[in-house]
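Participant: To start, I am sharing the structure in question, which I have written as structure tokens.
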Amino acid sequence: TTATYDPKTQEFILNSPTVTSIKWWPGGLGKTSNHAIVLAQLITQGECYGLHAFVVPIREIGTHKPLPGITVGDIGPKFGYEEMDNGYLKMDNYRIPRENMLMKYAQVKPDGTYVKPLNNKLTYGTMVFVRSFLVGDAARCLSKACTIAIRYSAVRHQSEIKPGEPEPQILDFQTQQYKLFPLLATAYAFHFVGRYMKETYLRINESIGQGDLSELPELH
């Protein structure tokens, strides 16, 4: 995806010229979002300056229909996170104001002059937020599934082993334990790793604010 600056109108022209440039999988894009943070190759004064972030309106607020120049929709069923409406986004000569570029670090002046960030790595620092929190989200989802399955296994009785004796809990069967306990252990592992990832992100993000980017590649 490209974002080409037009100094005459002080707008960026966004294009997804190929199939591979179509945005695919962003959460909330399928049905919910009216705006998106889009990473695109910034082009100004004939030079390409790599990926930069832009605030892009994608649906009309009143009708929730895609805006002209925007093709957006849901990608369909997924293996997990079904509650999230992951989607796709294609842009055809779609214009947004210059002010819609996120310019905390890099800037484009009204005449098209590009102002470099202190470090190019700052651009992808914004991309690691969701990644850092995904492990913790996976822990919560897996914990809920394990809780339901283990509680059910504790109250469900089946298959009388000895005549006259109560049917055992299905949780007592080794095959049931073999299915459930490794997943329970994985949920705990994901929980603690997720907490570590969150703390690491917050610490490194604070360091980035102070100009220290030494740990950003590792976090990415």
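Participant: What is the antiparallel percent of DSSP beta bridges lying wholly in the stretch 1-129, to the nearest 5?
Facilitator: Looking only at bridges with both residues in the stretch 1-129, the antiparallel portion is about 90 percent.
Participant: So what's the angle, to the nearest 10 degrees on a 0 to 90 scale, between helix 128-155 and the longest Cα principal axis of the chain?
Facilitator: For helix 128-155, the angle is close to 20 degrees.
Participant: Please go through the stretch 55-162 and write out the GluC sites (Glu not before Pro) that DSSP classes as loop and that have at most 14 other C-beta atoms within 10 Å.
Facilitator: Glu60, Glu82, Glu83, Glu160
Participant: Further, regarding this structure: When only C-alpha pairs under 8 Å and at least 6 residues apart count, what is the relative contact order of the chain, in percent?
Facilitator: 17
Participant: Next question, about the same structure. Let me make sure I get this right: for the stretch 67-220, a, b and c are the square roots of the gyration tensor eigenvalues over alpha carbons, sorted descending. Under 1.5 in a/c it's rounded, otherwise prolate if a/b > b/c, else oblate. Which is it?
Facilitator: oblate
Participant: Would you mind counting up the charge near Glu82? Only other residues with Cβ under 14 Å from its Cβ, with Lys and Arg at +1 and Asp and Glu at -1.
Facilitator: -1
Participant: What is the fewest-to-most order of Leu67, Leu180 by other Cβ atoms lying within 10 Å of their Cβ?
Facilitator: Ascending Cβ contact count within 10 Å gives the list Leu67, Leu180.
Participant: Filter the chymotrypsin sites (Phe, Trp or Tyr not before Pro) in the stretch 126-220 down to the DSSP loop ones having no more than 14 other Cβ atoms within 10 Å, then list what survives.
Facilitator: The qualifying sites are Phe173.
Participant: May I pose another question? Given the Cα-Cα distance of Lys144 and Lys109 and 0.36 nm per residue of separation, how much length would full extension add, in nm?
Facilitator: Here the segment from Lys144 to Lys109 would lengthen by 7.6 nm.
Participant: Add +1 for every Lys or Arg and -1 for every Asp or Glu among the other residues with Cβ under 14 Å from the Cβ of Ser33, and state the total.
Facilitator: So the environment of Ser33 carries a net charge of +1.
Participant: Using only the alpha-carbon atoms, how far is helix 174-209 inclined from the longest principal axis of the chain? Give it as 0 to 90 degrees, nearest 10.
Facilitator: Around 30 degrees separate the two axes.
Participant: Return the single residue from Pro168, Pro97, Pro110 with maximal mean-square fluctuation; model: Gaussian network over the chain, springs between Cα atoms under 10 Å.
Facilitator: Checking each option, the largest mean-square fluctuation is seen for Pro168.
Participant: Hey, another quick one. Calculate I(q)/I(0) for the stretch 124-210 by the Debye formula, one identical point scatterer on each C-alpha and no solvent, and give its log10 at q = 0.23, 0.26 Å⁻¹ to two decimals.
Facilitator: After summing over all Cα pairs, the log10 values are -1.02, -1.15.
Participant: At what distance in nm do the modelled label points of Tyr81 and Tyr178 sit from each other, each positioned 7 Å from its Cα along Cα→Cβ?
Facilitator: That separation, rounded to one decimal, is 3.3 nm.
Bear in mind that the values in this text are calculations on the coordinates, not laboratory data. Please read all numbers here as calculations on a predicted model, not as lab measurements. Virtual Cβ from ideal backbone geometry, glycine too; neighbours counted across all protein chains shown.
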